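Okay, so here's the structure we're looking at.
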Amino acid sequence: MIVPTSTLFEHAYGKYAVGAYNINNLEQAMGLFRGCIDSQAPFIIQISKGARSYTDKRMLEAIIRAADVIFPEALFAVHLDHGDEATALECVESGFYSSVMIDASHHSFDENVAITKRVVDAAHARGISVEAELGMLGGVEEDIQVDEKNVCLTDPDEALAFVKATGCDSLACAIGTSHGAFKFSGQQGIHFDRVKAIQELLPNYPLVMHGSSSVPQDEVARINEAGGDIRGSKGVDPEQYLPAALLGVCKVNIDTDGRLVWTRVHREFFRDKPGEFDLRPPGKVFMAEYAKFIASRNTYLGSAGQLEGARAHAVSKG
Ligand code: G3H
Ligand code: 13P
Ligand code: ZN
């Protein structure tokens, strides 16, 4: 059942975080739904601008509609990840998305406010909620690369002013994480002091943590042993998800980790079966492995076991 993102946040706030997982194909969708049912977790399925143009946006939307029928027990929201203004408005108009992200964080504060406000006005007119971003995460997002020196953590006073000026429903904050597989060179991690300071000024307001993949080191080792070369990659300690959730982080974005599972499964499969050329056998292994991975993340997030409570909340909201 597709529900408003805000309904999931209301149930999660201060207790657990909802996993927000990107999909690009049907195998990811099947693994995601299966993993969330197995762990009894509500979730957010998200489609990036790049994912929308990978084949045809209608293909991924149709996969989600089909998954909703195949897994009637599932409780989830559909979200546009890292939209620009045109894409966010298009998704609002489509009526399919529970929420959209407008990411104008690379613009000046005033420009970011102006762009975000236009999207919020259009989205709210159709009952759709909006995630905006303030601050600058490091790493690569589709066509934008941010170097370590240009990363800037979200300023709590600016966050308050931004939310007041735009009316956005949730805020992606730069709190020390970054996109991709190479997040940290040393022992860095989430800046909890910054999350706390933002929560103090924005109590009961849903915060979003991007760049949350944990880049499991056993996964990295297996990929490298099977012919890959992603030495030096490092992610967020998943034990930090729940402490962040207790400080108001309601949505934790995980994409890179899914790509790592895909890479490990396919590298190992074709290394071990050099005569194989059918795509379905490794696809089946991937779906099963991805489902296991998703269930394990939901356990770290605290969303595992929350499905029935979240459903009751959603039903009570009508
Ligand atoms: O934050 C970015 C997400 O990982 C989506 O990546 O734009 O390559 O689909 P993508
Ligand atoms: P990762 O690259 O850490 O998976 O972050 C994904 C993300 O933030 C999607 O918006
Ligand atoms: Zn992101």
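For residues in segment 248-281 being within 18 Å of the chain's Cα centre (by Cα) and part of a loop (DSSP other than H, G, I, E, B), which is surrounded by the fewest Cβ atoms within 10 Å (Cβ to Cβ)?
Among residues in segment 248-281 that are within 18 Å of the chain's Cα centre (by Cα) and part of a loop (DSSP other than H, G, I, E, B), the one surrounded by the fewest Cβ atoms within 10 Å (Cβ to Cβ) is ASP255.
Only one of GLY186, GLY211, GLY228 is more than 14 Å from ligand 2 (Cβ to nearest atom), part of a loop (DSSP other than H, G, I, E, B) and modelled with pLDDT of 95 or more; which?
GLY228
Quick check: anything in segment 117-127 in contact with a Gly (Cβ under 9 Å, 6 or more places away or on another chain) and within 16 Å of ligand 3 (Cβ to nearest atom)?
No: segment 117-127 contains no residue that is in contact with a Gly (Cβ under 9 Å, 6 or more places away or on another chain) and within 16 Å of ligand 3 (Cβ to nearest atom).
With respect to LYS273, is the statement that it is of a type in the set (D, E, K, R) and touching a residue at least 60 places away in the same chain (Cβ under 8 Å) true?
no
Do you know which of the residues in segment 181-206 that are touching a Ser or Thr at 6+ places or on another chain (Cβ under 6 Å) and within 16 Å of ligand 1 (Cβ to nearest atom) is farthest from GLU10 (Cα to Cα)?
PHE182
Identify, by number, the condition in (1) more than 13 Å from ARG297 (Cβ to Cβ); (2) assigned to a helix (DSSP H, G or I); (3) away from ligand 1 (no atom under 16 Å from the Cβ) that TYR241 doesn't meet.
(1)
Filter segment 80-107 for residues that are surrounded by fewer than 24 Cβ atoms within 10 Å (Cβ to Cβ) and under 25 Å from ALA41 (Cβ atoms); which is farthest from ligand 3 (Cβ to nearest atom)?
PHE96
Looking only at segment 79-110, which residues are of a type in the set (S, T, N, Q) and either under 14 Å from ALA122 (Cβ atoms) or within 16 Å of ligand 2 (Cβ to nearest atom) (or both)?
Correct list: THR87, SER94, SER98, SER99, SER105.
Would you pick out the residues in segment 301-313 that are part of a helix (DSSP H, G or I) and surrounded by 20 or more Cβ atoms within 10 Å (Cβ to Cβ)?
Pass one, segment 301-313, residues part of a helix (DSSP H, G or I): 301, 307-313.
Matches in segment 301-313: LEU301, LEU307, ALA310.
Quick check on segment 146-156. Is at least one of its residues under 18 Å from LYS49 (Cβ atoms), within 14 Å of ligand 1 (Cβ to nearest atom) and modelled with pLDDT under 95?
Yes, segment 146-156 has at least one match.
The values are calculated or read from the model by the stated rules, or taken from the named source; none is laboratory data. Bear in mind that the values here come from a model prediction, so they are computed numbers and not experimental data. Methodologically, a virtual Cβ is constructed for each residue, glycine included, from the backbone with ideal geometry; neighbour enumeration extends over all protein chains shown.
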